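Here is the structure we will look at.
What follows draws every value from the coordinates through simple rules; no lab data is involved. Every value quoted in this text rests on a predicted model; they were computed, and no experiment measured them. All Cβ positions, even for glycine, are placed from backbone atoms using ideal geometry, and neighbour counts span all protein chains on display.
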Amino acid sequence: MSRQRARGAGSRSSSRRIVRVARTPTGDGPTDADRSGEPADHVDLTNVLATGEIVACKELPWGSNYSFAVIVRVPDGSIDGSIGGRAVTAIYKPRRGEAPLWDFPAGTLYRREYASYLLTRSLGWGFIPLTVVREGPYGTGTIQLYVDPDEEADFELLRREHRADLQRIALFDLIANNADRKISHLIRDRAGHLWGIDHGLTFHVVPKLRTAIWDFCGEPIPPPLRLELDGLHRDPARVAELRQTLGEHLEMEELDALLDRVAQAVESGVYPPLDPYRNYPRGWW
Ligand SMILES: Nc1ncnc2c1ncn2[C@@H]1O[C@H](COP(=O)(O)OP(=O)(O)OP(=O)(O)O)[C@@H](O)[C@H]1O
Ligand SMILES: [Mg+2]
């Protein structure tokens, strides 16, 4: 991994699509109405991603960090038949492939990526594809289910057809302090479910929200979303559980800052105004 990479070359387009060579179960994910956060075969898929043999690994020639498309073989006999394929396609982002940044501690992006997934699971917000941390060909990193994109779905279409999803993702970005919500990190799959990817620049203690989603600035947080956040905020058992699960991947101060942002969002009840000098994502969208 010595090649210098141009940050921000290209954009999401058909040339960036990974040819699907195995079943990609993300298409069976929850709809807007069913936000349990997991496909029905979640447990099996987690096991497949975590323990299945990686039988192919190909570098993706874009992105700021090294990412690889991988094929993970479904372990024999470990599946109850619900997955219906012999392999799944996933994205592998090894710790060793993370580009150094001045403001985030080195080698922590994959942990932030995984903590983001755990946070969405805790809230029942199923927009981050199933993610695990495991060893791969280049060492420890995240492996996340591949989302087969609907190439026709540009940001304008997402604005028209996925307002509620974008409100949820914008609220997640606010509480996770996501410093890199580009448009290319929003992928609608072929079944019409909107997913968010690339959550490595999250949970910094200093405010760093950088996002392409400005649509809701100054607007009230939709009451159901606010209630969901409040449900976490007011429940000591859930807070303790979150501290425990995320605490394995984040620093204590980062957890404290996260819970402060949750409290602030619940109390204010609005998406805050953003600053054009500070809050746009860096580089390309
Ligand atoms: N779960 C996924 N499903 C489909 N494609 C994905 C997924 N995760 C990543 N990708 C693809 O890999 C590319 C690089 O991944 P990602 O954006 O997470 O990495 P990055 O190096 O942090 O990139 P960026 O420069 O956009 O911040 C994405 O732009 C997307 O094309
Ligand atoms: Mg990134």
Which one of Ala87, Cys57, Ile175 is farthest out on the positive end of the charge dipole of the stretch 19-268, using unit charges on Cβ (Lys, Arg +1; Asp, Glu -1) and the Cα centre as origin?
Cys57
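Within 10 Å of each candidate Cβ there may be at most 16 other Cβ atoms; applying that plus a DSSP loop requirement, which trypsin sites (Lys or Arg not before Pro) in the stretch 117-216 survive? Show your work: numbers first, answer last.
On the way: sites: Arg121, Arg134, Arg159, Arg160, Arg163, Arg168, Arg181, Lys182, Arg188, Arg190, Lys208, Arg210; in loops: Lys182, Arg190, Lys208, Arg210.
Here the sparse-neighbourhood loop sites are Arg190.
Take peptides 58-65, 89-96 and line them up by average Cβ neighbours within 10 Å, highest first, as a rough protection proxy.
Details: 58-65: 16.6, 89-96: 22.8.
So the order, starting with the most tightly packed, is 89-96, 58-65.
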Could you grab the relative contact order for the stretch 183-285? Cα pairs under 8 Å, six or more apart, rounded to a whole percent.
41 percent
Given R₀ = 25 Å, FRET efficiency for Arg86-Glu59 by Cβ-Cβ distance, to 0.05?
0.60
With +1 on each Lys and Arg Cβ and -1 on each Asp and Glu Cβ, and nothing else charged, work out how big the dipole of the stretch 19-268 is about its Cα centre, in Debye to the nearest 20.
380 debye
Can you list the residues, at least 5 places off or on another chain, whose amide H is less than 5 Å from the amide H of Ser67, using H built in the peptide plane?
Leu60
By how many nm would the segment from Arg96 to Gln264 lengthen if fully extended, with 0.36 nm per residue of separation less the alpha-carbon distance?
57.0 nm
Name the residue farthest towards the positive end of the dipole of the stretch 19-268 from the options Leu157, Val70, Phe203, assuming +1 on Cβ of Lys and Arg, -1 on Cβ of Asp and Glu, about the Cα centre.
Val70
Run down the lysines and flag those whose C-alpha is under 21 Å from the C-alpha of Lys93, throwing out any fewer than 8 positions away in its chain.
Lys58, Lys182
Residue span Glu219 to Thr46: 0.36 nm per residue of separation minus Cα-Cα distance leaves a gain in nm of 58.6 nm
Stretch Thr140-Arg159 to full length: gain in nm at 0.36 nm per residue minus the Cα-Cα span?
3.2 nm
Using Cα pairs under 8 angstrom and six or more residues apart, how large is the relative contact order of the stretch 19-268, in percent?
19 percent
